[in-house]
Amino acid sequence: MTTIVIRGARQMGGETADIVVVDGLISGEGQSTVTADRVIDASGLIALPGLVDLHTHLREPGGESSETVLTGSRAAAAGGYTAVHAMANTNPVADNAAVVERVLDLGVAAGYVTVRPVGAVTQNLDGLQLADIGAMAASRARVSVFSDDGRCVADALLMRRALEYVSTFGGVVAQHAQDPSLTVGSQMNEGVVSTELGLAGWPAVAEEAIIARDVLLAEAVGARLHVCHVSTAGAVDVLRWAKRRGITVTAEATPHHLLLTEDLARGYSPLFKVNPPLRTAEDVEAVRLGLADGTIDIVATDHAPHSVDAKEGTWADAAFGMVGLESALVVMTKALVETGLMNWQDIARVASTTPAQIGGVPGYDKPLAVGSVANITLFDPTPSTPWTADRLAGRSVNSPFQNLTLPGRVISTIFHGKETVRDGLVVAAEELMR
């Protein structure tokens, strides 16, 4: 195993220190007492625990034209991630032990990040009958997060049964909060801009009503609920109320909902078409503040790769979704750090330790502590440059941040003591396997 000395990294608290990695663990030995195979000059770089994404679409099996577990893992590493949760809306759907174990094995073979499969809540995501939740939890994949993401578990009784089921083993249901009866044909946020553009509106209440229902269901059965991609000010209010009441609910915000607004739809570019839709500037501010005050617990990318064909053509015909793994940390820097809402310790909490806790990923409870697994991200916060497609390491290029000037760059990602990103470039698979 390679011994790495990271020299002069800025810690999350602001102090500067060396980090020594020996046999995949952060060592207490000083720099002078070890023979380094690799020395990283980290002057000016911020050392963060490896990032953890609770919401990633890796598309495999079935959607390999858009992404694979390998290419998505490379994208994750490029963004500073060392663990991702792969959503269940694959083909076949990850609604049984065989599929989640296949995704697990593909992640191990790729070697860039820990890949934790998310199991479907309902069979084939149809919302009619519960999936084989118990078998997935007992499988080699040890699934603990269940979601029909991309679709809402709209039936209240079925949602209650799912919450009751996962509560028996400490699992969590991650809900895509979208009342389908209120969003038939919807294309973007409902409001002045949708009326102006002649696009069917997507009302905020479609998200807020499901969250309100589900927090009450979670309270009634004593289960853990997680809310995906919060996007409206009203949703933040509902979550704040639920937490004050003591309901066991966590929630996530995406990078794009922290920075981008519905006004970008004016050009009809499908790059800005996403589910839930980009909202108003007031919603963006509310989501930022909700994250800063702990109402929203984490940042999750909802990395949703699509082929060029799926994103070309008219707005109405294009697929919903954006890639976000590679750009997440730079967007967080702009939306949260540069605005003064958060510091680097906060970023570590919302992008690493808390998502790991929600998803049950071991090894992130004592970030960068001696004896802990060496999952480390070295980030240069200073360069402010246009975001371009050459910084994308996955298979798809549907990034909404292209040509936006964003601060910072991931310089190195270390996963279990091995560099997966070196000097800003993803390490080749052949070298990684040595």
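The values are calculated or read from the model by the stated rules, or taken from the named source; none is laboratory data. Keep in mind the model is a prediction, meaning the values are calculated, not measured. In this analysis, Cβ positions are derived from the backbone assuming ideal geometry, glycine residues included, and neighbour counts consider all displayed protein chains.
Comparison of S65, S27 shows that the only residue that is surrounded by fewer than 17 Cβ atoms within 10 Å (Cβ to Cβ) and either in contact (Cβ under 8 Å) with a residue 12 or more places away in the chain or in contact with a Cys (Cβ under 8 Å, 6 or more places away or on another chain) (or both) is S65.
Check whether at least one residue in the range 305-323 is among the small types (G, A, S) and under 23 Å from R116 (Cα atoms), and report yes or no. The answer is yes; a qualifying residue exists.
Select from the range 33-62 the residues that are of a type in the set (D, E, K, R) and outside any strand (DSSP E or B) and write down the one among them that is surrounded by the most Cβ atoms within 10 Å (Cβ to Cβ). Step by step, filter the range 33-62, then rank; the result is R59. Just one of (1) more than 23 Å from N403 (Cα to Cα); (2) modelled with pLDDT under 95 fails for H229. It is (2).
Residue-by-condition table, conditions (1) out of contact with any His (no Cβ under 9 Å at 6 or more places or on another chain); (2) at pLDDT below 95:
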residue: D365; (1), (2): yes, yes
residue: S384; (1), (2): yes, yes
residue: A393; (1), (2): yes, no
residue: P400; (1), (2): no, no
residue: R409; (1), (2): yes, no
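Looking only at the range 171-208, residues that are farther than 21 Å from N89 by Cα and in a loop (DSSP other than H, G, I, E, B) come to 7 in all.
Selection of first residues in the range 242-255 that are assigned to a strand (DSSP E or B) and of second residues that are surrounded by fewer than 24 Cβ atoms within 10 Å (Cβ to Cβ), restricted to Cβ pairs under 7 Å at least 6 apart or on distinct chains, gives the following pairs, ordered by first then second residue: V249/V215; V249/A242; V249/K243; T250/I358. Applying the criterion of at least 2 residues that are surrounded by fewer than 21 Cβ atoms within 10 Å (Cβ to Cβ) and not aromatic (F, W, Y) to the helices (runs of 4 or more DSSP H) found wholly in the range 318-392 leaves 344-348, 354-359. Criterion applied to T420, T339 was being more than 29 Å from S269 (Cβ to Cβ), touching a Lys or Arg at 6+ places or on another chain (Cβ under 9 Å), in contact (Cβ under 8 Å) with a residue 40 or more places away in the chain and among the polar types (S, T, N, Q), and the one residue passing it is T420. Checking each residue in the range 296-309 for being of a type outside the set (D, E) and surrounded by 24 or more Cβ atoms within 10 Å (Cβ to Cβ) picks out I296, I298, V299, A300, T301, H303, A304, P305, H306. Just one residue in the set S352, S384 is more than 17 Å from H303 (Cβ to Cβ) and in contact with a strand residue (DSSP E or B) (Cβ under 9 Å, 6 or more places away or on another chain); that residue is S384.
For the criterion of being free of Cβ contacts under 8 Å to residues at least 60 places away in the same chain and in contact with a His (Cβ under 8 Å, 6 or more places away or on another chain), Q123 fails.
Is it the case that the range 125-143 has a residue that's within 30 Å of G424 (Cβ to Cβ), modelled with pLDDT of 95 or more and small (G, A, S)? No, the range 125-143 contains no residue that is within 30 Å of G424 (Cβ to Cβ), modelled with pLDDT of 95 or more and small (G, A, S). Does the range 133-164 hold any residues that are touching a strand residue (DSSP E or B) at 6+ places or on another chain (Cβ under 8 Å) and farther than 23 Å from A300 by Cβ, and which are they? Within the range 133-164, L158, R161 qualify. Filter the range 79-102 down to the residues that are surrounded by fewer than 24 Cβ atoms within 10 Å (Cβ to Cβ), touching a residue at least 24 places away in the same chain (Cβ under 8 Å) and not in a loop (DSSP other than H, G, I, E, B), then identify the one that is farthest from the chain's Cα centre (by Cα). Among residues in the range 79-102 that are surrounded by fewer than 24 Cβ atoms within 10 Å (Cβ to Cβ), touching a residue at least 24 places away in the same chain (Cβ under 8 Å) and not in a loop (DSSP other than H, G, I, E, B), the one farthest from the chain's Cα centre (by Cα) is A97. Taking the criterion of being surrounded by fewer than 24 Cβ atoms within 10 Å (Cβ to Cβ), in contact with a Gly (Cβ under 9 Å, 6 or more places away or on another chain) and over 30 Å from I247 (Cα atoms), no residue of the range 271-295 qualifies.
Say we look at the range 115-143 and pick out the residues that are more than 16 Å from F169 (Cα to Cα) and among the charged types (D, E, K, R); which of these is surrounded by the fewest Cβ atoms within 10 Å (Cβ to Cβ)? Among those that are more than 16 Å from F169 (Cα to Cα) and among the charged types (D, E, K, R), it is D126. If you check A17, A42, A77, A36 for being at pLDDT 95 or above and assigned by TED's automatic domain parsing to the domain that holds T413, only one passes: A42.
Among the residues making up the range 407-420, those that are within 19 Å of the chain's Cα centre (by Cα) and among the hydrophobic types (A, V, I, L, M, F, W, C) are V410, I414, F415. Considering the range 207-249, the residues that are among the small types (G, A, S) and surrounded by fewer than 21 Cβ atoms within 10 Å (Cβ to Cβ) include one that is nearest to the chain's Cα centre (by Cα), namely A233.
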